[in-house]
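One structure below.
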């Protein structure tokens, strides 16, 4: 224990100091206190004292910080709250369990703010109006379980922290952060991003198995692991987080897994992503706001969809708690741009908030093209029950749908199903579907077949472009990315290879400035016979400019893996499209080759003098043949007709 201001562990409930209490490993509990500083931007988090000395800071980052990336949100002015740590102590976990409050905290007027039928209707609307119109692959829409709390909020926070510590398992962080006007208590299963000694790690978790009354078994978990919906849901969030990794890591990121995250009421599937970066950890945090597991993809449009379907701001739900710890290997007098801190940032989910005597437990479900509305309702019940059961607000053995406020029931003995050979084999089998490029160590960039040549990538509001740019660099190209609304005609003309990227929305939307600008860019390159590669949305726009019909698919191909013929080569490719170019079999266009499905006419690729295009996402983890197909199409676009 250090310093003299920090009260004993048993005295935290009566102290008026702001504090945080964290369990980040199996054996110890950390208690932190200091000064509260609210700042406006992530860059303002005060990591250095006025004399340049690195300081330890715990920041609560609200969802509204997505405004720093230019994304939409319902703004509640929730503060970016920093605890600048001046005192810290470490206690054995058993000692913490013995001295923290054991009080039962009664709740009144408890229930969801949105009833089950209304939430099921939201699910239907998102599937039909958002996924069905090409606005994205998946979206997370939340509802809140609320109740009145009459107990002293500090006592409640510590009692709930103790209960989570004792009854929840598998949490990445168990924590309570207590300030004068706001309290957060949770057991987050998911690390969003960490940075330590130049290694960035992200931990996408998706797919939720709700334990039945008889408990999780090899048989019922195996059925869950064989679910196409749950498998594709995880793959989609891995793709989305790889976009972020490719933006902040020089080596783009490599995936390992999948693993199981086993908790008291729920089991999730997860991957680990790792890459190298020398960015300031605040910049890493900004570029990765926020996890697609709690927002959706593509991220920018997911934020817009959330504003259309959630009626109240999120507060801290889906934000992060970010602990910035000074590095001990910084040399005095080092360069001013040296990385001074490591970062450890879990997602703020499975968290209860107390404000003005009111408890709020926000929970959300990931909505995909084949979601069942009542299944998603059930998922929110299960997630809320996971928090409420762990803190003792409902019986720990109760069915999630009950969400009642009765006495505790015994917690079942934990069992590690991940060790079962059948479960391990089912998990490992998922990787057979994935792109080796993202699973295996990657060769150095700059030495590929197109070394010495340059590419300009136009971002059409889908950061798949960061993954695409990383693959292009491994083919030897020197790559720059520019947003669709910032690229100039001079840049379009000067690019040696222009890659017009993917994005959400209807390619025939005449009111969309983004669609109009993409049409201008593509037409300009074709008129100049300058090398062009068009991907997904841009492929559709190119097809339309060539006179090929565009149509919505009967079922959106969001996160779908198909093996298709690309000019005589079978290719396993991941698709994220709601619209398609469609050519009647036998149709020809002078100077254009069409690779299309022989039965449906869906156009998978095009090529002509100086251009090539592809409907699928060759950069996706679902594209096992992505690099070979990308090489093939670039060689065509750059080579002689």
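The values are calculated or read from the model by the stated rules, or taken from the named source; none is laboratory data. Please read all numbers here as calculations on a predicted model, not as lab measurements. Quick reminder, even Gly has a Cβ in these numbers, built from the backbone with ideal geometry, and neighbours come from all protein chains shown.
Of all the criteria given as (1) within 16 Å of residue 466 (Cα to Cα); (2) within 15 Å of the chain's Cα centre (by Cα); (3) surrounded by fewer than 22 Cβ atoms within 10 Å (Cβ to Cβ), the one not satisfied by residue 284 is (3).
Kindly provide the set of residues from the stretch 584-610 that are over 23 Å from residue 528 (Cβ atoms) and either assigned to a strand (DSSP E or B) or in contact (Cβ under 8 Å) with a residue 40 or more places away in the chain (or both), ordered by number.
Taking the stretch 584-610 as the starting set, the residues that turn out to be over 23 Å from residue 528 (Cβ atoms) are 584-588, 595-604.
Within the stretch 584-610, 595, 596, 602, 603, 604 meet the criteria.
Here residue 117 fulfils each of the conditions (1) modelled with pLDDT of 95 or more; (2) surrounded by 23 or more Cβ atoms within 10 Å (Cβ to Cβ); (3) more than 21 Å from residue 301 (Cα to Cα) apart from (2).
Filtering 60, 41 for residues that are exposed (fewer than 15 other Cβ atoms within 10 Å of the Cβ) and not assigned by TED's automatic domain parsing to the domain that holds residue 462 leaves a single hit, 41. The listed residues are 392, 315, and the only one of them that is at pLDDT 95 or above, out of contact with any strand residue (DSSP E or B) (no Cβ under 6 Å at 6 or more places or on another chain) and surrounded by 15 or more Cβ atoms within 10 Å (Cβ to Cβ) turns out to be 315. Kindly check whether there is at least one residue in the stretch 171-180 that is at pLDDT 90 or above, surrounded by fewer than 21 Cβ atoms within 10 Å (Cβ to Cβ), more than 23 Å from the chain's Cα centre (by Cα) and assigned by TED's automatic domain parsing to the domain that holds residue 281. Yes, some residue in the stretch 171-180 is at pLDDT 90 or above, surrounded by fewer than 21 Cβ atoms within 10 Å (Cβ to Cβ), more than 23 Å from the chain's Cα centre (by Cα) and assigned by TED's automatic domain parsing to the domain that holds residue 281.
Among the conditions (1) farther than 23 Å from residue 182 by Cβ; (2) touching a strand residue (DSSP E or B) at 6+ places or on another chain (Cβ under 9 Å), residue 289 misses just one, which is (1). Of the residues making up the stretch 219-233, those that are modelled with pLDDT of 90 or more and in contact with a helix residue (DSSP H, G or I) (Cβ under 8 Å, 6 or more places away or on another chain) are 221, 222, 224, 225, 226.
Taking (1) in a helix (DSSP H, G or I); (2) buried (at least 24 other Cβ atoms within 10 Å of the Cβ) in turn, residue 352 satisfies each apart from (1).
Yes or no, residue by residue, for (1) more than 30 Å from residue 20 (Cα to Cα); (2) in contact with a helix residue (DSSP H, G or I) (Cβ under 7 Å, 6 or more places away or on another chain); (3) in the same structural domain as residue 551 (by TED's automatic domain parsing):
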residue	(1), (2), (3)
110	no, no, no
129	yes, no, no
140	no, yes, no
148	no, no, no
163	no, yes, no
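Residue 571: within 22 Å of residue 484 (Cβ to Cβ) and either outside the structural domain of residue 456 (by TED's automatic domain parsing) or at pLDDT 95 or above (or both), yes or no? Break it down stepwise before answering.
Numbers: within 22 Å of residue 484 (Cβ to Cβ): no; either outside the structural domain of residue 456 (by TED's automatic domain parsing) or at pLDDT 95 or above (or both): yes.
Judged against the criteria, residue 571 is not a match.
Count of the stretch 27-48 residues, restricted to those that are more than 28 Å from the chain's Cα centre (by Cα), assigned to a loop (DSSP other than H, G, I, E, B) and at pLDDT 95 or above, is 0.
Within the stretch 459-538, which helices (runs of 4 or more DSSP H) (wholly inside it) include 2 or more residues that are touching a helix residue (DSSP H, G or I) at 6+ places or on another chain (Cβ under 9 Å) and touching a residue at least 40 places away in the same chain (Cβ under 8 Å)? Even if it seems obvious, please write down each step before you answer.
Details: elements: 464-474, 489-494, 513-527.
Of the helices (runs of 4 or more DSSP H) lying wholly inside the stretch 459-538, those with at least 2 residues that are touching a helix residue (DSSP H, G or I) at 6+ places or on another chain (Cβ under 9 Å) and touching a residue at least 40 places away in the same chain (Cβ under 8 Å) span 464-474, 513-527.
Pairing residues of the stretch 84-100 that are closer than 15 Å to residue 324 by Cα and assigned by TED's automatic domain parsing to the domain that holds residue 46 with residues that are crowded, with 18+ Cβ neighbours inside 10 Å and at pLDDT below 90, at Cβ distances under 6 Å and at least 6 apart in sequence or on separate chains, gives 87/6. Do we have residue 502 as crowded, with 23+ Cβ neighbours inside 10 Å, modelled with pLDDT of 95 or more and not assigned by TED's automatic domain parsing to the domain that holds residue 70 here? So residue 502 fits the description; yes.
Filtering the stretch 179-194 to residues that are in a strand (DSSP E or B) and either over 27 Å from residue 152 (Cα atoms) or out of contact with any strand residue (DSSP E or B) (no Cβ under 7 Å at 6 or more places or on another chain) (or both) leaves 191, 192, 193, 194.
The set of residues from the stretch 89-105 being farther than 18 Å from residue 15 by Cβ and part of a loop (DSSP other than H, G, I, E, B) comprises 102, 104, 105.
Applying a threshold of 7 Å to beta carbon distances and a minimum spacing of six or more residues, or different chains, the list of pairs starting in the stretch 191-219 at a residue that is more than 23 Å from residue 282 (Cα to Cα) and ending at one that is loosely packed, with under 14 Cβ neighbours inside 10 Å and modelled with pLDDT of 90 or more reads 218/422. Does residue 23 fit the bill of being modelled with pLDDT of 95 or more, touching a strand residue (DSSP E or B) at 6+ places or on another chain (Cβ under 8 Å) and within 28 Å of residue 167 (Cα to Cα)? Yes. Test residue 253 against the stated conditions and say whether it is modelled with pLDDT under 90 and either surrounded by 24 or more Cβ atoms within 10 Å (Cβ to Cβ) or not assigned by TED's automatic domain parsing to the domain that holds residue 394 (or both). Yes: the conditions hold for residue 253.
I'm trying to understand the selection: among the residues of the stretch 158-170, which are within 22 Å of residue 81 (Cβ to Cβ) and under 28 Å from the mean Cα position of the chain (by Cα)? Let's see the steps before the verdict.
Within the stretch 158-170, the subset within 22 Å of residue 81 (Cβ to Cβ) is 158, 160-161, 164.
Across the stretch 158-170, the qualifying residues are 160, 161, 164.
Per the listing 88, 93, 108, 69, the residue uniquely under 22 Å from the mean Cα position of the chain (by Cα) and modelled with pLDDT under 95 is 69.
Checked against the criterion of being surrounded by 16 or more Cβ atoms within 10 Å (Cβ to Cβ), within 26 Å of residue 299 (Cβ to Cβ) and in contact with a helix residue (DSSP H, G or I) (Cβ under 6 Å, 6 or more places away or on another chain), the candidates 574, 559 yield just one match: 559.
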